[in-house]
Structure formats: C-alpha cells, structure tokens
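Step one of this worksheet: look at the structure below.
The values are calculated or read from the model by the stated rules, or taken from the named source; none is laboratory data. For clarity, every value in this text was computed on a predicted model and none was experimentally measured. So basically every Cβ, Gly included, is an ideal-geometry build from the backbone, and we count neighbours across all protein chains shown.
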Amino acid sequence: MAAGLSPMAVLSIAAQRDKFLLASADAWILLLDIIWNTEHFRFARNVDPIEFDAGDGNGIQTYQPFNFEFSADQPGQAQLPTMLLRVSNTMRILQGIIEQYAGIAGATANIYVYNTAHPAGEPDLAISTTVMKSVCTAEIVTFTLAALNPLRQLFPKFLYRATFCMWVSNYKGTQCGYTGSLPNCDGTYDGANGCIVHDNAERFGAFPGIGTNGTVLAAQF
C-alpha cells in the first residue's frame, strides 16, 4: 500500500502558508458528516464539540468529538486511487449504525478541513465522496471511499445569474457579509426579504448586466 496522502496537501496556497506557521493560536480541525437514508452522523476530530455551518442548507450543526483519521491511497499500476477513513470502534458507535442498516455502502461522506479562526464556516477544504465498503474490527472501523469524481464538482465554480444572489446558500458567510438579526434571505435584490431589506445591497451576489444588449458583464471580487 502506498503511503497515505494528507488532505492538507491540496489546501490553497494561503491555507498552506498558515499551516506552516511556527506558532498559532488557531487549530486545524477535521470534520466528518456521513449521510445515509437522509440521516446525518456528524463528528469532529477534536476533544470538544464543534459548531459548524457546512453551507448545505441545514444551518449550524454540532459535530461531536470523535477519534478518526483520513488518508488517500495511491496504488499505482493504473488503479484508481481510493481514500481511507479509519474511525475508532472502542465504543461500537459506528459499528452499531452499520449493523442497523445492514451496511452503509453508497452513503455520502463529506469531509471538511477548517481553521478555528473562521468559526462561521468557509472550510479551507471540502471533499464529498461515497462510501464503497466498510470493515469493522474490535478497534477500528475502516471505510473505503470512492475516488474524487470531477463530474460531481460544479464547473464553473459559480452560477452567474442576473437576479439571484449566489451567496444565499451560505447566508451570513464571508461573501454574504450580513451580520444582522434576520434569520434568512430570499436571494433577491429588492424582494420582500432581499438584500435591500437586509441593508446589505452592496454584497448582492448577482450580475444585473447579464443579458443587456447581448453583453455579459461579470466581475469576481
């Protein structure tokens, strides 16, 4: 088996720079969200629970402290790479879930890497993959995860629309920038619950110039 590849290896340049600081008060934390039959099982590789909004429409959720590790296997010889997720089985928590559903092959596994300097979300790395198989021993549950599929990634990264804000799926996130008390937004500019109502029109994430005399006007800040 080839040596595992740390998920840190694919972080952005800015995130890698922060990771290699000699000293920092901010921690890097791995979060895991396993989704099976619409149920979410959320864990944090940490000693305390973590409150985190993954931007999936479910708002801020609690990730319970749990012992797990994540690596990638590069087998070579024209074989597809896989990712391995090893989780402590000393309390038989995940083994009980696996036995309850007679296996969870096909479940979605979302892995997030984020820095505690950004508690509102905006992970530095987000990976969504599928559980191919699981193996349980007395000490460890090992999940084999499918290789990353580029067809599951949005391309281009953003949808450029004239009248609907691209940041509404991450309401109150870094790009949205709203910090007020209104609980949600309808993604419009001047709608009943849009950016003007939120007094946040300067952060409206749409491109009104699209479709104007056949010219597309777009800017990414």
Checklist entry - Somewhere in segment 198-212, is a residue among the polar types (S, T, N, Q), surrounded by 10 or more Cβ atoms within 10 Å (Cβ to Cβ), at pLDDT 85 or above and assigned to a loop (DSSP other than H, G, I, E, B)? => result yes
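N193: farther than 16 Å from I60 by Cα, of a type in the set (S, T, N, Q) and assigned to a loop (DSSP other than H, G, I, E, B), yes or no?
On the way: farther than 16 Å from I60 by Cα: yes; of a type in the set (S, T, N, Q): yes; assigned to a loop (DSSP other than H, G, I, E, B): yes.
In short, yes.
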Checklist entry - Where in segment 96-147 are there strands (runs of 3 or more DSSP E), lying wholly inside it, with at least 3 residues that are assigned by TED's automatic domain parsing to the domain that holds C176, charged (D, E, K, R) and at pLDDT 85 or above? => result none
Checklist entry - When the residues of segment 21-52 are filtered to those that are touching a residue at least 40 places away in the same chain (Cβ under 8 Å) and either out of contact with any Phe, Trp or Tyr (no Cβ under 9 Å at 6 or more places or on another chain) or outside any strand (DSSP E or B) (or both), which remaining residue is farthest from G173 (Cα to Cα)? => result N37
Item to check | Answer residue from segment 41-89, given it is at pLDDT 80 or above and among the polar types (S, T, N, Q) and is nearest to the chain's Cα centre (by Cα) among those | outcome: Q61
Checklist outcome for this item: With the first residue restricted to segment 58-71 and required to be in the same structural domain as L31 (by TED's automatic domain parsing), and the second required to be surrounded by fewer than 18 Cβ atoms within 10 Å (Cβ to Cβ) and of a type in the set (D, E), Cβ contacts under 8 Å at 6 or more apart or on different chains are I60/E51; Q61/E51; T62/E51; Y63/E51; P65/D48
